[in-house]
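These notes are about the structure you will find just below.
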Amino acid sequence: MSAQPALAPYARQTSVSNKSRIAIFNGAKSVICEVGNYQSNIAEIALRSQVSKATIYNQFADKAEMMECLVEYEVERLTQVALAASSREEALYLLSTQISQDLALRKLVESDPLDIA
């Protein structure tokens, strides 16, 4: 009988950290959908993310860094959507659908258009 090796503490921490980061991004998008970027705040994002404010500040120095990382995450997510497509046409269709149906992006266009430009 072979025992599976236990995850190293760092690997477990990284896994939990990645889950927290994704939860934070989803919570941030939820808040942005309602009030935009400038009216959003860390306390509400933490509440929506179901994490503590300390968890957010362990991941990011401040709200500006969190938002910058959120944009990077979304760009990477959309890149993966495009790369998974079987053709350029499908990639364009999938990207346009993903972007047009993103309520947080729609709210940013309405409330904070200079951030999108």
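Simple rule: put +1 on each Lys or Arg Cβ and -1 on each Asp or Glu Cβ in segment 11-116, find the dipole, and look at G36, L95, F60; the Cα lying farthest toward the positive end is F60. From the alpha carbon centroid of segment 82-116 to that of segment 31-74 is 20 Å. DSSP loop trypsin sites (Lys or Arg not before Pro) in segment 56-117 with at most 12 other Cβ atoms within 10 Å of their Cβ, which ones? Answer in residue order: no site qualifies.
Coordinate-derived values only; no laboratory data. As the structure is a computational prediction, the values presented were derived from the model and not from experiment. Heads up, the Cβs are rebuilt from the backbone with ideal geometry, glycines too, and the neighbour counts pull from every protein chain shown.
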